Amino acid sequence: MKKHIVLLPGDGIGKEVIHSAKDVLHAIAEEYNHSFNFETHEIGGAAIDQYGTPLPETTVDACKQADAVLLGAVGGPKWDNNPSHLRPERGLLGIRKALDLYANLRPIKGFKNLLHASPLKEEVVAGSDLLIVRELTGGLYFGTPSERRDNGNFVVDTLAYSRQEIERIVDKGFQAAQGRHGRLTSVDKANVLESSKLWREVVEEKKAQYPDVFVEHVLVDAAAMKLITNPTQFDVIVTENLFGDILSDEASVLTGSLGMLPSASLNENGVGLYEPVHGSAPDIAGKGVANPVAMILSTALMLRYSFQLENEAKVIEDAVQSVLDAGFHTGDLQVADGRLVGTAEMTNLIVNYIRSQNASKCIASCYF
Ligand code: IPM
Ligand code: MN
């Protein structure tokens, strides 16, 4: 298979972990006879410094031509005081909108031997395995342009959704539940917000199309509580943009670290942008200590969702699992025993596993 991938390293540790993604994809290409070519473009703070805008046209055009996009992270203190149109985050929001990446999938699954790295009790997090389906191109993030009036002392942000925007993400939620354990939790604030009332209506209407899925509605405040008191009750959560943003960071504590969580952002045509859930971590950037696992697992999602390479995706996930099982971990994971490694070493361990895995399969199937 031949694919053209655009890399958007962005800022901070994004620049480091994107190398890990590339190394892993090189190994997969060689071992499984694929050809991936890469083109790198700027986004976020790096693009502001170089081009005076967080999302240059050249970057948007390149992403539109690509088979898939891998993104590191954006942001950093250097740009914190910039006016909002010149903030790195604008680049990320802009590319999501430009590619119409409305469906953000964030799988959260604890790794068995890292359960004790979670601040939650091991018996509470054990067995948690959920998928957050977050609407990504609407809601408060994209309402009519925010305003400041009265010398900046009065502000307006608007939360807008059309029925069609809600329908397409709710469909994704139902479909995801069908492919998993058949349970869908729709999270809203229908006791207060008009947008949530429409959201709930749509979910109720759609129910009939998916009789094999068990649906429940949970208010977002209760969902936040249940996520950490009883996370195993969840299978698929579908929710609007801001609720999904908040709940997915919260859910990351189930896995011990935000450094473990990948995400896929998809449009109607299956073109996707894949990025870690974590940010640019300016405090550890440039030190070679960032956890590359979220980025590497994001490449696995790319192989699965954009290229339908389920086997290769699984190989990457198994590689991560086996390296973690062997006790290797980066500094973000509070693990008592085990071996502390940096970004490059963690990546090499995963790459070596991928290569050895294929070699042993070949011995089994090629010679016997
Ligand atoms: C995320 C991030 C972004 C978001 C920021 C960087 C704009 O937190 O991908 O979750 O809020 O969507
Ligand atoms: Mn977030």
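The values are calculated or read from the model by the stated rules, or taken from the named source; none is laboratory data. From a predicted model like this one, the values you see are computed outputs, not experimental measurements. Please note: Cβ atoms are built from the backbone with ideal geometry, for glycine as well, and neighbour counts cover all protein chains shown. These accessible areas exclude ligands, DNA and RNA; they are computed on the full protein's heavy atoms, side chains included. Shrake-Rupley method; radii C 1.70, N 1.55, O 1.52, S 1.80 Å.
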> How high is the relative contact order of the chain, given as a whole-number percent (alpha carbon pairs under 8 Å, six or more residues apart)?
Replying inline: 21
> Under a straight-distance cross-link criterion of Cα-Cα below 29 Å, which lysines are reachable from Lys189, leaving out those fewer than 8 residues away in the same chain?
Replying inline: Lys97, Lys109, Lys121, Lys172, Lys197, Lys206, Lys207, Lys226
> How far apart, in nm, are the 7 Å Cα→Cβ label points at His217 and Leu140?
Replying inline: 2.1
> If the chain between Thr58 and His34 were fully stretched, how many nm would it gain, using 0.36 nm times the residue separation less the Cα-Cα distance?
Replying inline: 6.0 nm
> Given H placed 1.01 Å from N in the peptide plane, which residues other than close sequence neighbours of His278 have an amide H under 5 Å from its amide H?
Replying inline: Leu261
> In the range 119-254, carbon and sulfur make up what percent of the accessible area (probe 1.4 Å)?
Replying inline: 52
> Using modelled backbone amide H atoms (1.01 Å from N, in-plane), which distant-in-sequence or interchain residues come within less than 5 Å of Leu101's amide H?
Replying inline: none
> Can you give the net charge of the other residues whose Cβ lies under 12 Å from the Cβ of Asn113, counting K and R as +1 and D and E as -1?
Replying inline: -2
> Once phi is turned into ³J(HN,Hα) by the Karplus curve 6.51 cos²θ - 1.76 cosθ + 1.60 with θ = phi - 60°, what whole-Hz value does each residue of the range 129-138 show in order, with x for glycine and proline?
Replying inline: 7, 9, 10, 9, 9, 9, 5, 10, 10, x
> Picking from Val215, Val156, Val60, which is most flexible by a Gaussian network model of the chain using Cα springs under 10 Å?
Replying inline: Val156
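Where nothing but the Cβ of Lys and Arg (+1) and of Asp and Glu (-1) is charged, how large is the charge dipole of the chain around its Cα centre, in debye to the nearest 20?
With only Lys, Arg, Asp and Glu charged at Cβ, the dipole is about 280 debye.
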> Between Glu310 and Gln209, 0.36 nm times their residue separation minus their Cα-Cα distance comes to what?
Replying inline: 33.6 nm
>> For the range 1-90, what does the accessible surface come to per residue with a 1.4 Å probe? Please give it in Å².
In response: 44
> So what is the calculated 222 nm ellipticity per residue for the chain, using -39500 (n - 2.57) for each DSSP H run with n of 4 or more, over all residues, to the nearest 500 deg cm²/dmol?
Replying inline: -13000 deg cm²/dmol
>> With every protein chain kept in place and ligands, DNA and RNA left out, what is the accessible area per residue of the range 210-368? Probe 1.4 Å, answer in Å².
In response: 39
>> Please identify the DSSP H helices in the chain that span no less than 24 Å along the helix axis (Cα) and have a mean Kyte-Doolittle hydropathy of -1.0 or more.
In response: 14-32, 343-367
> Do any chymotrypsin sites (Phe, Trp or Tyr not before Pro) in the range 230-302 lie in a loop, going by DSSP, with at most 11 other beta-carbon atoms within 10 Å of their beta carbon, and if so which?
Replying inline: none
> ³J(HN,Hα) across the range 41-50 via Karplus (A = 6.51, B = -1.76, C = 1.60, θ = phi - 60°), whole Hz, x for Gly/Pro?
Replying inline: 9, 8, 8, x, x, 4, 6, 4, 5, 8
>> Over the chain, with a Gaussian network built from C-alpha contacts below 10 Å, which listed residue (Thr144, Thr330, Thr59) shows the highest mean-square fluctuation?
In response: Thr144
